[in-house]
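The values are calculated or read from the model by the stated rules, or taken from the named source; none is laboratory data. Only a predicted model underlies this, so the values are computations on that prediction, with no experimental measurement involved. Cβ coordinates were reconstructed from backbone atoms using ideal geometry, including for glycine residues, and neighbour counts include every protein chain displayed.
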Amino acid sequence: MSDKEIGTVVSTPDGPSPACLDFVVNEGTIHRGQFVEMDYSEGTMVALVQDVIKTNRYFERAESVKEFESSGRKLFEQFPTTEWEFLLAKTRPLGVYKEGMIKRSSFPPSPGTRVRVAAAETLKKFLGFDDEGLQLGEVEYHSLPVNLNMTKLLSKHLAVLAMSGAGKSVATRVIMEEILIREKEKGRMAIVVMDIHGEYTSFAEPVTDKEHKDYSSKTRVVKARDIKIGVPKLTIGILAGMLPGLSAAQQRDLGRILERMKKEMKDGLGPFDLGALRTELAKDSDLKDNTRKALLGWMATLDQLRIFSKIDSPSISDLIKPGQLTIIDLSDLINLKKKQIIVSYFAQKLFYERKNNKIPPFLLVLEEAHQLVPEGTSKEGAISRPIIETIAREGRKFNASLCLISQRPIQLSTTALSQCNTHLILRVTNPYDLDHIGKGSEGLDRRSLDMITSLRVGEGLLVGEAVNYPVFFKVRKNNSLESRHEIPLEEAAIKFEKEKEETRKEAEEFL
Ligand SMILES: Nc1ncnc2c1ncn2[C@@H]1O[C@H](COP(=O)(O)OP(=O)(O)OP(=O)(O)O)[C@@H](O)[C@H]1O
Ligand SMILES: [Mg+2]
């Protein structure tokens, strides 16, 4: 129990009630986001401080303050103003703790009840932290490590939402670091990251200093240009996903020819590529001419992407290992369609192989998730959406988890987002995004939403399955090598000019 008594419950027009309780601070200070506790007839009530207000009746009437101070004298020199200043904390009661059980708050403590700063030990149980869990950071002012149970955090999917630069990638790296250091006995998942900007590849670099942890032996990077999709591994379902414009009749014909070629392959002809499929389409005598023309056109669009080959490479079951991180580096790709096709293919494979227990439970991390699982875009512009939505809906049964990261939650598929049972929300100031987040996260009231706008970089709010109550906390720093993307603007500009200068000099010397 904490003996840090801090204040006394006061009576206000709307409290104390089971939903709203204010207290006056008698000693010390209290901050927004902190937790307090108080004993009363029902047990120990825990409440979240949502606002702290300083009041002083000497300064209540603006015109009197102005009149007095414009005489050249100061109010505090003439009157005992400091004695009249008090700090009022507005809180939201979260629940009542009694003999190890947590009840909803349904009956208020009386005005006059003494309030303490919540003890770390109470808070840990109250919030549902797990000593064996992933340590994401610390509850500020309580020195309480935020240890989250891995199942509760990830099995029903996680969404990391915030405006640009608020710390989403740092927080995601922390989660990845925590999974990678887990011991076998505690259960290790595999991690696969769809790395749109190539900002996670530094995990694969060996560390030479003492400040960072080395994850290079546990990390594999696959460059987009090295990815090949084996045509014999395609099914008509996968193809239809890649080419949402295929008509039912075209699907039937293409499926028939594909299956025939797969059979011939097994009979000894060996694996085939897109070229062979096109030749086969060109000569198949059962095809109507317009179907043939359409299918050949579709195959040409696929061929342009230059990612199809006779066999899959790299092979997914070789890549995905417990306690290992696989980074699919999509940073060289400009074509969104190609990114979506790769993501879609990998996600289908991962899900399928997980269902068949060929690969371990995994976490699939999607950066810029609104590009990969967009809301409202046509099927053609959202090739990877169906499979991600499927994993969002059904993944839990097979321990296939998603981590969706986005700075544009409004543009993110509501189907996928609504299946993310835990939300990690960092700083957001755009009112539309905030409103959207409020609608999508249960248990967030107006005040908590207001608090999100005042978060600093690296501070976050965790809501949902992973915690019993919403918690504001500070995400810890990364211990993996930071990505080299993050250099200050000045440095990048200087580097650019220096490099240009050098090339010019070299050219001159050469001449
Ligand atoms: N928990 C943290 N502790 C310390 N610094 C942090 C933390 N989180 C973020 N930062 C700082 O803020 C910078 C931006 O963070 P980050 O790259 O994670 O933002 P982001 O939300 O992923 O942005 P974007 O939407 O542009 O991808 C980091 O490079 C780091 O300097
Ligand atoms: Mg980022």
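Can you pull out every residue in the stretch 461-497 that is over 22 Å from S105 (Cα atoms), touching a residue at least 60 places away in the same chain (Cβ under 8 Å) and β-branched (V, I, T)? Of everything in the stretch 461-497, just one residue is over 22 Å from S105 (Cα atoms), touching a residue at least 60 places away in the same chain (Cβ under 8 Å) and β-branched (V, I, T), namely V475.
Here F472 meets the list (1) under 19 Å from R408 (Cβ atoms); (2) away from ligand 2 (no atom under 16 Å from the Cβ); (3) surrounded by 20 or more Cβ atoms within 10 Å (Cβ to Cβ) almost entirely, failing just condition (1). Set side by side, the residues L325, L295, L305 differ, and just one is hydrophobic (A, V, I, L, M, F, W, C) and touching a residue at least 60 places away in the same chain (Cβ under 8 Å), which is L325. Contact map, the stretch 381-395: residues that are of a type in the set (F, W, Y) paired with residues that are in a helix (DSSP H, G or I), Cβ distance under 6 Å, separation 6+ or inter-chain. No pairs are found. Considering the stretch 39-133, the qualifying helices (runs of 4 or more DSSP H), each wholly inside and each with 2 or more residues that are over 33 Å from the mean Cα position of the chain (by Cα) and not hydrophobic (A, V, I, L, M, F, W, C), run over 62-69, 75-78.
Scan the stretch 188-212 for residues that are more than 21 Å from E368 (Cβ to Cβ) and within 16 Å of ligand 1 (Cβ to nearest atom) and the total you get is 2. Whether a residue is within 16 Å of ligand 1 (Cβ to nearest atom) and either modelled with pLDDT of 90 or more or in the same structural domain as M176 (by TED's automatic domain parsing) (or both) was assessed, and V467 does not pass this test.
Here T151 clears all of (1) in contact (Cβ under 8 Å) with a residue 24 or more places away in the chain; (2) more than 16 Å from ligand 1 (Cβ to nearest atom); (3) part of a helix (DSSP H, G or I); (4) of a type in the set (S, T, Y) except the condition numbered (1). Selection of first residues in the stretch 424-435 that are outside any helix (DSSP H, G or I) and of second residues that are of a type in the set (S, T, N, Q), restricted to Cβ pairs under 8 Å at least 6 apart or on distinct chains, gives the following pairs, ordered by first then second residue: I425/S441; R427/T453; V428/T453; T429/T453. Contact map, the stretch 187-202: first residue outside the structural domain of F398 (by TED's automatic domain parsing), second residue at pLDDT 90 or above and more than 14 Å from ligand 1 (Cβ to nearest atom), Cβ cut-off under 6 Å, separation 6 or more or different chains; the map is empty. For the residues G440, G458, the requirement of being at positive phi, in contact (Cβ under 8 Å) with a residue 24 or more places away in the chain and either crowded, with 17+ Cβ neighbours inside 10 Å or within 17 Å of the chain's Cα centre (by Cα) (or both) singles out G458. A count restricted to the stretch 358-381 and to residues that are surrounded by 23 or more Cβ atoms within 10 Å (Cβ to Cβ) and more than 16 Å from ligand 2 (Cβ to nearest atom) stands at 5. Among the residues of the stretch 372-388, write down those that are under 24 Å from A162 (Cα atoms) and either within 16 Å of ligand 1 (Cβ to nearest atom) or among the charged types (D, E, K, R) (or both). Scanning the stretch 372-388 gives L372, E375, R385.
Out of curiosity, is A369 of a type outside the set (D, E) and either within 16 Å of ligand 1 (Cβ to nearest atom) or not assigned by TED's automatic domain parsing to the domain that holds K152 (or both)? In short, yes. A count restricted to the stretch 496-509 and to residues that are modelled with pLDDT under 85 and either among the small types (G, A, S) or under 38 Å from the mean Cα position of the chain (by Cα) (or both) stands at 1.
If you filter the stretch 411-430 down to residues that are farther than 13 Å from V373 by Cβ and away from ligand 2 (no atom under 15 Å from the Cβ), you find that the one that is surrounded by the most Cβ atoms within 10 Å (Cβ to Cβ) is H423.
Selection of first residues in the stretch 68-90 that are in the same structural domain as V115 (by TED's automatic domain parsing) and modelled with pLDDT of 80 or more and of second residues that are of a type in the set (A, V, I, L, M, F, W, C) and not in a strand (DSSP E or B), restricted to Cβ pairs under 7 Å at least 6 apart or on distinct chains, gives the following pairs, ordered by first then second residue: F68/L75; E69/L75; A89/I30.
Table: residues versus (1) assigned to a helix (DSSP H, G or I); (2) buried (at least 21 other Cβ atoms within 10 Å of the Cβ); (3) of a type outside the set (S, T, N, Q); (4) more than 16 Å from ligand 2 (Cβ to nearest atom).
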| site | (1), (2), (3), (4) |
| --- | --- |
| S164 | no, no, no, no |
| A171 | yes, yes, yes, no |
| E177 | yes, no, yes, no |
| S202 | yes, yes, no, no |
| R220 | no, no, yes, yes |
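For the stretch 418-427, check the following and say yes or no: at least one residue is closer than 16 Å to K168 by Cβ and either of a type in the set (D, E) or at pLDDT below 85 (or both). Scanning the stretch 418-427, I find no residue that is closer than 16 Å to K168 by Cβ and either of a type in the set (D, E) or at pLDDT below 85 (or both), so the answer is no.
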